[in-house]
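In what follows, a structure is listed as structure tokens, so that the remarks can point back to it.
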Amino acid sequence: MSTPKRIFVKGNEAISRGALAAGVKCFFGYPITPQNDIPEFMSSAMFEAGGQFVQAESEVAAANMLLGAAGCGIRAMTSSSSPGMSLKQEAISYMAGSELPGVLVNVSRGGPGLGDIGPSQGDYFQSVKGGGHGDYKLLVLAPGTVQEAYDLTIKAFDLAFKYRNPVLVLADAIIGQMKEPVVPWVPENLDPDEGQDWGLQGAKDRAPRLLKSLFLDDGALAGQNQKLQAKYQAMQAEVDQELFLTEDAELVVVAFGSIGRIVKSTIRKLRGQGHKVGLVRPITLFPFPSEVLLNLAKEGKRFLTIEHNMGQMVEDVRLSIRTVADSAFHGQLPGNLPTPDDFEEPILKALEG
């Protein structure tokens, strides 16, 4: 294969192109800012790729269409933004309970309520704790660059089918709307028989199959939940994070997504002034890099969690290091667009102890 050329695209388009490279066959969408570039791009690209595009009548309908396509063992996807994701939660819970693979993209915006169309990380709890009913988890991937938006969308499809579980790509208005160079690539050795051993394609010449999330027999639901919990434990093998200048750091900042990249610029400036600051940027929000943080805490490092919300991921950071250390917190108010300068004062204050 020849070396792919670089393209200059928005994060939303990178997500779309990543899905196409991963072999997506069905896309179900509904318009909401700031993710509208995704269904707009897919409305023509899906047909050119030999797939299907449907603009559903609502976010609820789009999520249930995803459930149906996933039940057929097809690589399928939907995208939305924060209020729209709230409407999809029932279908997502059904997918998790039925063990159906599918990819969801949330280009998150400010809230609560309708909020605004600017960036926010206020959907962390909804994303990693299971936003619908019941004890379930999504694999959650948080890109920090437009290239990662492309790469992690491909990875999302692979993980969805590996674990037969919904996977969420959690971006925000910054990642979705910014433009950066991307080197596109196509994964090799996609399995043409993926999903054929459990999907519903018609019971010709085989026994019927049943995919469900309803378990009414005595002990059946307990058994299903036990199976799901074992699967979520196995997902710990997928933990991923970026470590930046943590080796000699006195203070480790923990930040994800767009805030992680902005904080990285702040850290570079402070390093130039002699301050020993490092960064852990979780790339997987579930599973969370708890062990990485705990090991850094055991080295005597202090912690500051920075988020574009009023304090969500910080709870997971504190749980991770609770036996050894604690984490300070700085929350950037949703509705404000942060810059590297905004984080200098809270980092210096945390350094002072």
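The values are calculated or read from the model by the stated rules, or taken from the named source; none is laboratory data. All values reported here derive from a predicted model rather than from experimental measurement. Every residue, glycine as well, gets a Cβ built from its backbone with ideal geometry; the counts of neighbours run over all protein chains shown. Heavy atoms of the whole protein, side chains included, go into the accessibility calculation; ligands, DNA and RNA do not. Shrake-Rupley method; radii C 1.70, N 1.55, O 1.52, S 1.80 Å.
Nearest 10 degrees, 0 to 90: what angle lies between the long axis of helix 257-272 and the longest principal axis of the chain (Cα atoms)? For 257-272 against the chain, the angle is about 20 degrees.
The order of K301, K212 by accessible area, most exposed first and with a 1.4 Å probe, is K212, K301. Each residue, S86 and D341, gets one label point 7 Å from its Cα in the Cβ direction; the gap between the two is 3.4 nm. For the chain, the 222 nm mean residue ellipticity estimated from helices alone, with every DSSP H stretch of n ≥ 4 adding -39500 (n - 2.57) and the total spread over all residues, rounds to -11500 deg cm²/dmol.
Taken along its principal axes, the alpha carbon cloud of segment 243-299 reaches lengths of 34, 27, 10 Å, longest axis first. Mean-square fluctuations from a GNM of the chain, with a 10 angstrom spring cutoff on Cα atoms, peak among N12, N309, N189 at N189. Between F8 and L216, the contour length at 0.36 nm per residue exceeds the Cα-Cα span by 69.7 nm.
Take E90: with every protein chain present and a 1.4 Å probe, its accessible area is about 100 Å².
Extension gain, V183 to R318: 0.36 nm times the residue separation minus the Cα-Cα distance gives 44.9 nm. Comparing K204, K298, K269 in a Gaussian network model of the chain where C-alpha atoms under 10 Å apart are linked, the largest mean-square fluctuation is found at K204.
Rolling a 1.4 angstrom probe over the chain with all protein chains present gives an accessible area of which 52% lies on carbon and sulfur atoms.
The base-10 log of I(q)/I(0) for segment 113-245, evaluated at q = 0.12, 0.14, 0.21 Å⁻¹, reads -0.68, -0.88, -1.40 [Debye formula, identical scatterers on Cα atoms, solvent excluded]. Would you please classify the overall shape of segment 33-98 from the alpha carbon gyration tensor, given that a ≥ b ≥ c denote the square roots of the eigenvalues, rounded means a/c under 1.5, and beyond that prolate means a/b larger than b/c while oblate covers the rest? It comes out oblate by the Cα gyration axes. Note on S43 and K269: their simple-model spin labels are 4.1 nm apart, each label 7 Å out from Cα toward Cβ. Any idea what angle helix 59-71 forms with the longest principal axis of the chain, computed on alpha-carbon atoms, 0 to 90 degrees, nearest 10? That helix lies at roughly 60 degrees to the long axis.
Which of [x] 26, 58, 16, 0; [y] 28, 51, 16, 4, 1, 0; [z] 30, 56, 13, 0 is the computed P(r) over Cα pairs in 20 Å bins from 0, in percent for the structure on display? Looking at P(r) over Cα pairs in 20 Å bins from 0, in percent for this model, the match is [z]. A 1.4 Å probe run over segment 242-352, with the rest of the protein chains in place, finds 43 Å² accessible per residue. Sorting V60, V107 by solvent-accessible area of protein heavy atoms yields V60, V107, largest first, with a 1.4 Å probe. Subtracting the Cα-Cα distance of A230 and L333 from 0.36 nm times their residue separation leaves 33.4 nm of extension gain. Kindly identify segment 242-352 as rounded, prolate or oblate by the Cα gyration tensor criterion: order the square roots of the eigenvalues as a ≥ b ≥ c, call it rounded if a/c is under 1.5, otherwise compare a/b with b/c, prolate if a/b is larger, else oblate. Because a/c hits 1.5 or more and a/b fails to exceed b/c, segment 242-352 counts as oblate.
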